[in-house]
Amino acid sequence: MKRMNASCLTTLFALLITQTTFAQIGRPFIHDPSTVAECEGKYYTFGTGGGGLISNDGWTWYGGGVRPGGGAAPDVLKIGDRYLVVYGATGGSPNHKGAILTMWNKTLDPKSPDFKYSEPVVVATSDGYEENDAIDPGIMLDPTTGRLWMTYGTYFGYTRLIELDPKTGKLKAGNKPVDVAIVCEASTLVYRDGWYYLLATHGSCCDGANSTYNVVVGRSKKITGPYLDNVGRSMLQGGGKMVVATRGGLIGPGHFGHIVLENGVEKMSIHYEADLAQGGRSVLGILPVVWKDGWPIAGEKFKEGTYEIESVRRGYALELAVDFTRMAVGPRGFGQPNNDPIKPAPAQQLADVQKNWPTGPIHLRIGDYMSRPHQQWTITDAPDSTGYLGGPYYKIVLAGTDRALAATADAEVITVPAFTGAPEQLWRIDQLTDGTYRIMPKTVPNSGKKLALVSSGDSTPTLAEFDYNSDNSKWNFRNH
Amino acid sequence: MNRNRKPLLPILSFIVLSGLQLGGLTAFAQGPGPRIPLPPIPLKGDTTHTLSKHFTVASATQKAPDAEGFIQRWLVLEPVKKDIVRNNIFTDNYLRTTFSADNFSSDYTFVPKNGETVNVGNQALKWYALDSKAFNFNLYHFTYALNKPKYGILVWLVTVIDCPEEIQNVRMAAGCNSGSMWWLNGQEAMLLSGDRDMIADNVTSSRLTLKKGRNIVRGAVINGPGMANFCMRFLDEKGSPVKNLRIRIE
C-alpha cells in the first residue's frame with residue numbers, strides 16, 4: 001500500500017508542476033508503447049492506460065490515438081489490410097491474474113469513417129498461480145511461414161509463446177503456451193536471416209530515473225527456442241545480450257518494437273522510463289537498429305557536430321570543389337641529422353583558403369581526406385519543426401561558414417553561399433543496419449523522387465535512388 | 001526484481017485529473033474508454049500448498065550437480081519476514097547489515113539439520129532439506145508451499161559439497177532475485193547487491209579453492225516484491241561448470 005500511496009502522490013505532484021509543459025504539443029509522453037505502426041502516411045503508437053500518440057512525420061508526436069479497453073502495454077501489427085491490436089487487460093495486477101486480448105481495426109486514424117475496433121477476444125490468461133503474467137504482449141508474423149506468434153509475460157516467471165490465427169486474431173486451436181524466457185518483460189520476436197530473435201526487457205520499471213529497464217536479446221533457429229545469448233546462455237536461465245541501455249539522461253529503455261522501413265533501414269521504438277530533459281517523464285524513443293555479427297544493437301541518433309563525410313565506396317571525403325591549397329612544407333632532409341627544436345606546425349585555417357573561393361554556388365567532389373577546411377562539415381538540427389521517423393532534418397554547412405549543402409533540380413548536389421532553410425537544404429540522416437549512414441535531401445526541387453546522396457565513381461557526389469546493397473549509397477561521419 | 005508494475009492507478013488518476021484540469025494532451029489522456037473486467041479465468045494447475053510440486057525431500061544419498069553444474073540440493077530456512085518496499089534498497093551496506101543482524105548463527109561453517117528449528121530474532125524458523133527439480137531454487141515456490149510470506153523475505157541457505165580432490169581457481173557463480181550474499185567454508189565469497197534478476201552466472205566470486213572432502217556453502221537471499229529465486233554453481237578456471245561434486249545435507 002505504501003507503494004500505491006507514493007505513486008499517487010508522485011502523479012499528483014507531477015501533474016501540479018507540469019501543467020504548462022503538458023499543454024504544449026509535440027511531446028511524446030507514453031509508457032509501454034506498442035511498436036510504431038504506419039497508417040495512411042501517419043505514425044501511431046499506443047500505450048498503457050489507453051490512448052496513444054500520433055505523428056505526421058515520425059518525429060513530432062501528439063496525443064490523439066484511440067485504443068479502448070484500458071489495460072496495459074499494447075502492441076500493433078498490420079496484417080493484410082487490417083491492424084491487429086493486442087493488449088493486456090490489467091496493468092500487472094498484484095495477484096498476477098490477467099488476460100491478453102486482440103482486436104482488429106481497418107485503420108488507426110480515429111477520424112477515419114472506417115475506424116472501428118472489433119470486439120476484443122481473449123487469447124491468453126494467467127490464473128494468478130502459474131508462473132506467468134498475462135500482460136506485455138508482442139506479436140510477429142513469421143515471414144517464412146505466414147504464421148502469427150505472440151510472446152507475453154513479465155518478471156513474474158516465464159515469458160510464453162503462443163500461436164494466433166492471422167485471419168481471426170484468435171488463439172490457434174489446440175495451441176499450448178511454450179516457455180521461452182524467464183524474468184523478462186515486454187518481449188517480442190524478430191526474424192532475420194534464418195534466426196528468430198527474442199527481444200525482451202530486463203530490469204525494473206515504473207520508478208522514474210531509478211528504473212533499470214534495458215533491452216536484451218537471444219536467438220534461436222526454432223521459433224520455440226531455446227533462445228541463447230552471445231555466450232550461449234539460455235534466456236530461460238536469464239540470458240540476454242544487451243541491445244539498448246540507459247543513454248545519458250534517457251534512462252531505462254524498454255518495450256522494444258521493430259520497424260523495417262526498407263532494406264537496410266530499420267528502427268526500434270522504445271520508451272525511456274525517464275527523460276531527464278523532460279522532467280523525468282516517460283517518453284517515446286526511436287533509434288536505428290544496427291546488426292553486428294548477427295546481433296541487433298541500438299544505433300545512434302545522429303549527434304550534431306563537425307565531421308568528415310566519408311564515402312564508404314572508397315573512403316574519400318566529401319569536399320568543396322575548390323583549388324587545393326598547399327601547406328608550408330615542414331623540414332625535409334630524410335636521413336640527415338637535424339637537431340633543430342621540434343615545434344608543432346599549424347593546421348591550415350579556413351581564412352587561409354576561403355578568400356580564393358568563388359562567392360556563389362560551389363560544386364562538390366569526393367577526394368582524399370587531408371583534414372583541410374574545404375572538407376569539414378558542420379551538421380546541426382535545422383531550424384525546422386519537421387522530421388522523419390526518429391530524427392529531425394539537419395542543416396549541413398561547411399565548417400566556419402554558412403555555405404550549405406543543397407540538392408538541385410537536376411538531381412545533383414552543390415553548396416549554396418548561405419543556408420536559407422529551403423527544403424532542398426534540409427537533410428535526413430539515417431544510420432543503416434550495417435552502421436553506416438544514408439544522407440537524403442528532404443526534397444529534390446521539381447521532383448517527387450526520393451533520392452539519396454551517392455558516390456558516382458570515386459570522386460563525384462550526386463543524387464540517386466538509395467541502394468543498400470551498394471557502398472555508393474553509404475557514408476560515414478568521422479570526427480577527427 | 002522490484003517492479004511497481006504498470007502504475008495504472010496513478011495513470012487513471014492522471015486521466016481523471018487531466019480531464020478536469022488540462023483538457024488532456026498526452027497519450028495517457030486520450031480516451032482510454034472503460035476498462036473491461038477480467039473474464040473468468042479457470043485455475044490451470046494444482047494450487048495446493050505442497051513442496052512436492054517443485055521439490056523433493058533430500059535423501060541421505062549424495063547428489064551430483066545437474067548437467068550444467070547447478071547445485072540443486074539445499075538446506076533452506078523458513079523465510080525471515082522483512083518489510084521491503086523496493087528491491088533497489090539492497091545496497092552493499094544494507095545487505096551486510098541485514099544479514100549480520102537477521103542471522104541464525106555467526107558460525108558460517110555451521111550445518112543445520114533437516115527439521116531443526118532455530119531462532120532469528122523473535123522468529124522460530126524450521127530448516128528443510130530439499131532438492132529443486134529445476135536448475136534454480138525458486139524460493140517463491142518454497143514459501144508458497146509452506147504457506148509462508150512470499151514477498152518481503154530473507155531466506156538462509158546451507159549446503160555441503162564433497163569434492164573428490166582439491167580444485168583451485170574455481171569461482172562460485174550465482175544469480176538471484178534480488179540480493180544475496182554467499183560464504184564458502186566460513187569466508188565471504190561474494191555479494192550480489194542491487195535490484196537483480198535471477199540470471200545464471202550473473203556474479204562470480206574471486207578465485208577460490210574447493211578443498212578435498214567437505215566444503216560448506218552458506219547463502220542468504222533477500223527479496224521484496226517479486227519472485228525470490230536463485231541459482232548457484234561453481235565454474236572452473238576455464239569458465240566451465242564444475243560437475244565432479246557430490247552434494248549432501250549433513
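Only the coordinates and a few stated rules stand behind these numbers; no lab work does. Note that the coordinates shown come from a computational prediction; the quantities given were computed from them, not determined experimentally. All Cβ positions, even for glycine, are placed from backbone atoms using ideal geometry, and neighbour counts span all protein chains on display.
Projected area of the protein assembly as shown, taken from the Cα convex hull and averaged over every viewing direction, in nm²?
39.9 nm²
Using a Cα-Cα cut-off of under 17 Å, which lysines could be cross-linked to B:LYS148, ignoring same-chain neighbours fewer than 8 residues away?
Counting by Cα, and skipping residues close in sequence, B:LYS148 has these lysines nearby: B:LYS53, B:LYS81, B:LYS82, B:LYS126.
Can you tell me the Rg and Dmax of region A:397-480, counting just the alpha carbons, in angstroms?
Cα radius of gyration and Dmax of region A:397-480 are 12.7, 37 Å respectively.
Tell me the label-point distance for the pair B:ARG246, A:ASP81, using the 7 Å Cα-to-Cβ offset, in nm and rounded to one decimal.
7.3 nm
Please provide three numbers in whole Å: the alpha-carbon extents of region A:191-270 along the principal axes, with the largest listed first.
Principal extents (Cα only, largest first): 37, 34, 18 Å.
Semi-axes, largest first, in whole Å: what does sqrt of 5 times each Cα gyration tensor eigenvalue give for region A:25-298?
Result for region A:25-298: semi-axes of 24, 22, 19 Å.
Rounded if a/c is under 1.5, else prolate if a/b is larger than b/c, else oblate: which is region B:195-236, with a ≥ b ≥ c the root eigenvalues of its Cα gyration tensor?
prolate
Quick one: go through region A:453-480 and flag any residue whose amide nitrogen is under 17 Å from the point 7 Å out along the Cα-to-Cβ line of A:ASP368.
Taking a point 7 Å out along Cα→Cβ of A:ASP368, the residues of region A:453-480 whose backbone N falls under 17 Å are A:458-460.
Just rank A:LEU276, A:LEU364, fewest to most, by other beta-carbon atoms within 10 angstrom.
A:LEU276, A:LEU364
What value does region A:133-247 have for Rg/Rh, both radii from Cα atoms and Rh as Kirkwood defines it?
Ratio of gyration radius to Kirkwood radius: 0.98.
For the pairs A:LYS267/A:LYS301; A:LYS395/A:LYS442; A:LYS301/A:LYS395; A:LYS267/A:LYS449; A:LYS78/A:LYS170; A:LYS292/A:LYS450, flag any whose C-alpha to C-alpha distance is greater than 18 Å.
A:LYS267/A:LYS449; A:LYS292/A:LYS450
Stokes-Einstein at 10 °C, 1.306 mPa s, Kirkwood radius from Cα pairs: D for region A:318-368 in µm² s⁻¹?
Taking Rh from Cα pairs, D becomes 112 µm²/s.
Cut-off 18 Å, label point 7 angstrom out along Cα-to-Cβ of A:ALA345: give me the residues of region A:305-324 whose amide nitrogen falls inside.
Output list for this probe position: A:324.
Please compute the alpha carbon radius of gyration of region A:83-196, then divide it by the globular-protein estimate 2.2 N^0.38 Å. Two decimals is fine.
In units of the globular-protein estimate, region A:83-196 measures up at 1.08.
Does region B:153-209 come out rounded, prolate or oblate, given a ≥ b ≥ c as the square roots of the eigenvalues of its C-alpha gyration tensor, rounded meaning a/c under 1.5 and, failing that, prolate meaning a/b above b/c?
Because a/c hits 1.5 or more and a/b exceeds b/c, region B:153-209 counts as prolate.
Local charge sum around A:GLY299 (other residues, Cβ-Cβ under 13 Å, Lys/Arg +1, Asp/Glu -1)?
+2
Between the alpha-carbon centers of region A:275-346 and region B:124-139, tell me the distance in whole angstrom.
The distance from the Cα centre of region A:275-346 to that of region B:124-139 comes to 57 Å.
Counting Lys and Arg as +1 and Asp and Glu as -1, what is the net charge of the other residues whose Cβ lies under 14 Å from the Cβ of B:THR61?
Value of the local net charge: +1.
What is the fewest-to-most order of B:SER240, B:SER205, A:SER447 by other Cβ atoms lying within 10 Å of their Cβ?
B:SER240, A:SER447, B:SER205
Over all distinct Cα pairs, what is the inverse of the mean 1/r for region B:111-150, reported as the Kirkwood hydrodynamic radius in Å?
By the Kirkwood definition, the hydrodynamic radius is 11.5 Å.
Per residue, what volume in Å³ does the convex hull of the Cα atoms of region A:284-373 enclose?
Dividing the Cα hull volume of region A:284-373 by its residues yields 237 Å³.
Cα to Cα, under 20 Å, and not fewer than 8 places away if on the same chain: which lysines meet these conditions relative to B:LYS243?
Of all the lysines, those that pass the test against B:LYS243 - Cα under 20 Å, at least 8 places apart if same chain - are B:LYS63, B:LYS133, B:LYS211, B:LYS212.
Quick one: net charge around B:ASN185, please, counting Lys, Arg +1 and Asp, Glu -1 for every other residue with C-beta under 10 Å from its C-beta.
Local charge sum for B:ASN185: +3.
Mind pulling the angle between the C-alpha long axis of helix A:2-17 and the longest principal axis of chain A? Nearest 10 degrees, somewhere in 0 to 90.
50 degrees
Above 17 Å lies some portion of the pair distances; for region A:343-433, what is it as a whole percent of all C-alpha pairs?
Considering region A:343-433, 56 percent of its Cα-Cα pairs are separated by more than 17 Å.
Can you tell me the 0 to 90 degree angle between the C-alpha axis of helix B:8-21 and the longest principal axis of chain B, rounded to 10?
Around 20 degrees separate the two axes.
Based on the alpha-carbon gyration tensor of region B:51-248, what equivalent-ellipsoid semi-axes (square roots of 5 times the eigenvalues) come out, in whole Å, largest first?
Calculated on Cα positions only, the semi-axes equal 24, 19, 16 Å.
Write out the GluC sites (Glu not before Pro) in region A:38-132 meeting two conditions: DSSP loop, and at most 16 other Cβ atoms within 10 Å of their Cβ.
Those that pass, being in a loop and sparsely packed, are A:GLU40.
Let's test the formula: R0 of 51 Å, r as the Cβ-Cβ distance of B:THR48 and A:GLU300. What FRET efficiency results, to the nearest 0.05?
With a Förster radius of 51 Å, E is 0.45.
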